[in-house]
Amino acid sequence: MTIASGRELLPQSLLVLTEDEQLFRDNIRKFAEESVRPLVKEMDEHGMMDHSLVEQFHQLGLMGIEIPEEYGGGAGTFFEAILAVEELSRVDPSVGVLVDVQNTLVNNALIRWGNEEQRKKYLPKMAAEWVGSYALSEAGSGSDAFALQTRAEDKGDHWVLNGQKLWITNGKESNLFIIITTVDPGAGYKGITAFIVEKGFPGFSVGKKEDKLGIRASSTTELILDDCKVPKENLLGEVGKGYKVAIETLNEGRIGIAAQMLGLAQGAWEAAVKYAQEREQFGQPLSQFQAIAFQLAQMATEITAVRLMVYNVARMKDAGIPFLKEAAMAKLYSSQVAERIASQAVEIFGGYGFSKDYPVEKFFRDSKIGSIYEGTSNMQLMTIAKLCLGGK
Ligand SMILES: Cc1cc2nc3c(=O)[nH]c(=O)nc-3n(C[C@H](O)[C@H](O)[C@H](O)COP(=O)(O)OP(=O)(O)OC[C@H]3O[C@@H](n4cnc5c(N)ncnc54)[C@H](O)[C@@H]3O)c2cc1C
């Protein structure tokens, strides 16, 4: 082999997309600009996701990106799911997280942990018409997730679930809920058991909807399980092995949150650049002041660093390379950068940035969630420290 042909084998930049990926991203960008952007302000004000949008997500194949073709999905890659979340979040992070939870948490858990019967029954519905939620958190257990109290009792021919889940994304829209319970609160993680619960199961109801600072169009609700009767066949994975379902799904899911924060940062930066080039003070556009130009340059640099981290870890996941540390780093850093950039974007807009007439005020509010859900920043630091320091 010549040196030249060896060089041809070297990986290209991580920012290079395949032709299919470019087409996929461009289609989503067009959809986000034409169909999502006009609704963003109203959805935020009313704290509601537009129902027609959810239908369009299904029609466009955004709700079953990785679902294999035999179950009616797009048979795409995890990387494509990440591109979709990034592009949607560039326009509205609430829309981004709906699609993110569906793909990286719910479908992912069904594909990975569901048996053939469950896959056949539920995956076609997820791809074509249903929305899903992933329910781990409770009032008393957030970071300490396996202190959860929702109880599952084996009643012979069915299971009975009792308890309450809190902070559940997509709660208002969902038809299917992955519910993490315990069969024995005294057994710690060894009692954790996962179920597939349909909205119509007896004893299941959606409770209070949270009134939030940001991602207001994304519903966040309580779930109530009051002697909820679940068929035997809706156990997901094995009894006592639900901790694996919960942890391994979240390990992948947090790459989706990193993509959400990346898209948000990109959206805020683009708005700031446009404004800085249009708004004049002292007889020239703001972007001509070196202080502003440098600020925008610093922001662009940080976004590129985040994009490299997010794309890298998504490619690692698709390649089957262990990615736990890189996923935690991407989630941690993307949420820090998103918060900083959204805040700076507000400042570049001056007083207008503080008003609801421009999109940066919303990006600023939306950015705060990145450091909280799917593991707070401290939880990411704990994972990174453990993996970097080896417990010493
Ligand atoms: C909008 C929204 C959507 C959500 N969607 C979902 C969902 O779909 N499904 C779901 O299951 N959950 C969801 N959550 C819940 C979310 O995952 C939790 O809020 C998060 O894990 C933090 O848990 P907590 O709120 O109980 O905070 P706590 O765990 O009480 O943490 C409070 C603070 O203490 C810190 N802390 C806790 N323990 C330690 C420690 N050992 N060392 C250092 N610091 C520590 C945390 O970092 C944090 O700063 C959502 C939350 C929100 C706000």
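Within the accessible surface of segment 1-87, defined with a 1.4 Å probe on protein heavy atoms only, the carbon and sulfur portion equals 52 percent. Shape analysis of segment 152-264 places it in the oblate category; the axes a ≥ b ≥ c from the Cα gyration tensor give an a/c of at least 1.5, with a/b not above b/c.
In this structure, the amide hydrogen of THR169, modeled 1.01 Å from its nitrogen in the peptide plane, lies closer than 5 angstrom to those of TYR134, THR221, counting only residues at least 5 positions away or on a different chain. Dividing the convex hull volume of the alpha carbon atoms of the chain by its residue count gives 168 Å³ per residue. With a 1.4 Å probe rolled over the protein heavy atoms of all chains, the accessible area of CYS228, CYS388 falls in the order CYS388, CYS228, largest first. If you sort the three axes of the alpha carbon gyration tensor as a ≥ b ≥ c, you get a/c of 1.5 or more for segment 67-197 and a/b no higher than b/c, which makes it oblate.
Taking the C-alpha atoms only, the angle from helix 78-91 to the longest principal axis of the chain is near 60 degrees. With coordinates expressed along the principal axes, the C-alpha atoms belonging to segment 60-143 extend over 36, 33, 21 Å, beginning with the largest. Can you find, among MET329, ALA109, CYS228, the residue farthest towards the positive end of the dipole of the chain? Put +1 on the C-beta of Lys and Arg, -1 on that of Asp and Glu. Result: MET329, furthest along the dipole toward the positive end. Average accessible surface for the chain: 45 Å² per residue, computed with a 1.4 Å probe over protein heavy atoms with every protein chain in place.
Among SER137, SER334, SER52, the residue with the largest mean-square fluctuation in a Gaussian network model of the chain, with springs joining Cα atoms closer than 10 Å, is SER52.
For LYS244, a cut-off of 23 angstrom between C-alpha atoms picks up these lysines, skipping any fewer than 8 places away in its own chain: LYS120, LYS121, LYS165, LYS190, LYS232, LYS317, LYS325, LYS331, LYS386. Decide, for segment 1-132, between rounded, prolate and oblate: order the square roots of the alpha carbon gyration tensor eigenvalues as a ≥ b ≥ c, take rounded if a/c falls under 1.5, and otherwise choose prolate if a/b is larger than b/c, else oblate. Oblate is the answer for segment 1-132, as a/c is 1.5 or above yet b/c matches or exceeds a/b.
Between ALA84, ALA109, ALA271, the Gaussian network model of the chain with springs among Cα atoms under 10 angstrom shows the greatest mean-square fluctuation at ALA271. Result for the chain in a Gaussian network model with C-alpha springs under 10 Å: among GLY72, GLY140, GLY207, the largest mean-square fluctuation is at GLY140. Dipole of the chain computed with +1 at Lys/Arg Cβ and -1 at Asp/Glu Cβ about the Cα centre; of SER35, PRO68, TYR134, farthest Cα towards the positive end is TYR134.
The dipole here belongs to segment 286-392: it is taken about the Cα centre, uses +1 on the Cβ of Lys and Arg and -1 on the Cβ of Asp and Glu, and is about 380 debye. Global dimensions of segment 89-134 from alpha-carbon coordinates: Rg and Dmax equal 11.5, 37 Å.
The values are calculated or read from the model by the stated rules, or taken from the named source; none is laboratory data. The structure presented is a predicted model; accordingly, all values stated were derived computationally and were not measured. Note that we place each Cβ from the backbone using ideal geometry, even for glycine, and neighbour counts take in every protein chain shown. To get the accessible areas, we keep the full protein, side chains included, count just its heavy atoms, and leave off ligands, DNA and RNA. Shrake-Rupley method; radii C 1.70, N 1.55, O 1.52, S 1.80 Å.
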